[in-house]
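Single-structure report; data block below.
The values are calculated or read from the model by the stated rules, or taken from the named source; none is laboratory data. Everything numeric here is computed off the predicted structure, so don't read it as measured data. Positions of Cβ are backbone-derived with ideal geometry, glycine not excepted, and every protein chain shown enters the neighbour counts. For the accessible areas, the whole protein counts, side chains as well, though only heavy atoms, and no ligand, DNA or RNA atoms are used. Shrake-Rupley method; radii C 1.70, N 1.55, O 1.52, S 1.80 Å.
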Amino acid sequence: MKVVPKWFPDLRQIVPRFATKEFRHLPIVCKIQSYQEYELGYRKLATTLGCVSSKSAPRELELLRLLIDRRTNPVGSLGLADCLFMTAFVSIIRPRRMIEIGTGSGFSSAVLACAIDPQGANSCKPCVDTLDAHATYFGDKELPVGFEIPRLIGEFPGSVRVHAPRQSDYIRNLASPNELEMAFIDANHQHPCPLLDLLRIVPYVRSAGWILLHDIRLGTLVEESRKNGVPVAYEAVFGAEWLFEEWPWTKIDGGNIGAIQLPMERKAIWGPMRRLMKRPFEVCEQSYRPLRDEVGKAARMLS
């Protein structure tokens, strides 16, 4: 008979939680709720990302305040906490450039550009390529996608390049395989659209690179609002929320925005992809088959 030492039951208390299978699905929470919390939140996020010595750039927070003050149409745009998290994350990772899926008014594109190059030193060269499936802004069909960019960053509007109407498969014309340190997805949130956008951009992001996801609590927030008697003009959709929830590798929760880290072996994504594809689709029934085909095609490109 095997003898078990008396101290053995306590071993779980001294083994790091991240060594357990279950912990892999738990996000690291790192929310920045206000301007006053920015520096503290920045340092916490930098430590989480293994960049302890990273410091925010001069005028970084000042530029963000300016963009928020200049914004005229916040419908469907990033909230303050989202902006603070995104700015800090991009500032810490310091990517040379980024690709954004889902342009909308162009506000998030401007935030990304300022976070990448707050001094506008390389303003003549685009540092953000943003794609949108539509030519016009969803909040006002009279306005083109990205209409706010010239007003928001009039000092260096050339730092953002808009591609619309373009689907996320257009990324192959904008980046080389393994080129990007990170990317941002904020387009159609109906499942499985965020998954498809992710699969299409993964080949162009380095292994262990990062993908920012917006509206990772959209479905839950809408449902909670309705339960509390608060009318909401749009439906509860869970595409981005389910993707973030299902992600089994490192992920950081910034509130309604989050970041997921890609695995070293891209084919490992097939596991969570299959689980996600078993969830009910939120798009119209006519789109089921085409989306399944596109997801399968994008998955086969992972290597």
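Only a single item in (1) among the hydrophobic types (A, V, I, L, M, F, W, C); (2) surrounded by 13 or more Cβ atoms within 10 Å (Cβ to Cβ); (3) out of contact with any Phe, Trp or Tyr (no Cβ under 8 Å at 6 or more places or on another chain); (4) assigned to a loop (DSSP other than H, G, I, E, B) is not met by MET264, and it is number (2).
Taken over segment 38-56, the criterion of being open to solvent by less than 20 Å² (accessible area, probe 1.4 Å) and either among the basic types (Lys, Arg) or touching a Lys or Arg at 6+ places or on another chain (Cβ under 9 Å) (or both) is satisfied by GLY41, TYR42, ALA46. For segment 148-158, the criterion of being touching a Leu at 6+ places or on another chain (Cβ under 6 Å) and either assigned to a helix (DSSP H, G or I) or open to solvent by 20 Å² or more (accessible area, probe 1.4 Å) (or both) is met by at least one residue. Taken together, the residues in segment 56-74 that are within 21 Å of GLU181 (Cβ to Cβ) and of a type in the set (Asp, Glu) amount to 1. Residues that are hydroxyl-bearing (Ser, Thr, Tyr) and out of contact with any helix residue (DSSP H, G or I) (no Cβ under 8 Å at 6 or more places or on another chain) within segment 286-303 comprise SER287, TYR288, listed in sequence order. Counting just the residues of segment 267-280 that are open to solvent by 80 Å² or more (accessible area, probe 1.4 Å) and either closer than 17 Å to ILE216 by Cα or touching a residue at least 24 places away in the same chain (Cβ under 8 Å) (or both), which one comes out farthest from the chain's Cα centre (by Cα)? Filtering first and then ranking leaves PRO280. The residue list SER91, SER53, SER105, SER77 contains one member that is under 23 Å from GLU179 (Cα atoms) and without any contact (Cβ under 8 Å) to a residue 60 or more places away in the chain, which is SER91. When segment 18-56 is filtered for residues that are modelled with pLDDT of 95 or more, within 22 Å of LEU213 (Cα to Cα), assigned to a helix (DSSP H, G or I) and not charged (D, E, K, R), the ones remaining, listed by number, are TYR35, TYR38, GLY41, TYR42, LEU45, ALA46, THR47, THR48. Looking only at segment 233-250, which residues are farther than 25 Å from ARG172 by Cα and either open to solvent by less than 10 Å² (accessible area, probe 1.4 Å) or touching an Asp or Glu at 6+ places or on another chain (Cβ under 9 Å) (or both)? Result: GLU235, ALA236, VAL237, PHE238, GLU241, PRO248.
Each row is one residue, and each column tells you yes or no for (1) in a helix (DSSP H, G or I); (2) in contact with a strand residue (DSSP E or B) (Cβ under 7 Å, 6 or more places away or on another chain); (3) modelled with pLDDT under 95; (4) not small (Gly, Ala, Ser).
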residue: SER91; (1), (2), (3), (4): yes, no, no, no
residue: CYS114; (1), (2), (3), (4): yes, no, yes, yes
residue: PRO126; (1), (2), (3), (4): no, yes, yes, yes
residue: ASP129; (1), (2), (3), (4): no, yes, no, yes
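Residues considered: VAL283, VAL295. Of these, the only one that is open to solvent by less than 10 Å² (accessible area, probe 1.4 Å) and touching a residue at least 24 places away in the same chain (Cβ under 8 Å) is VAL295.
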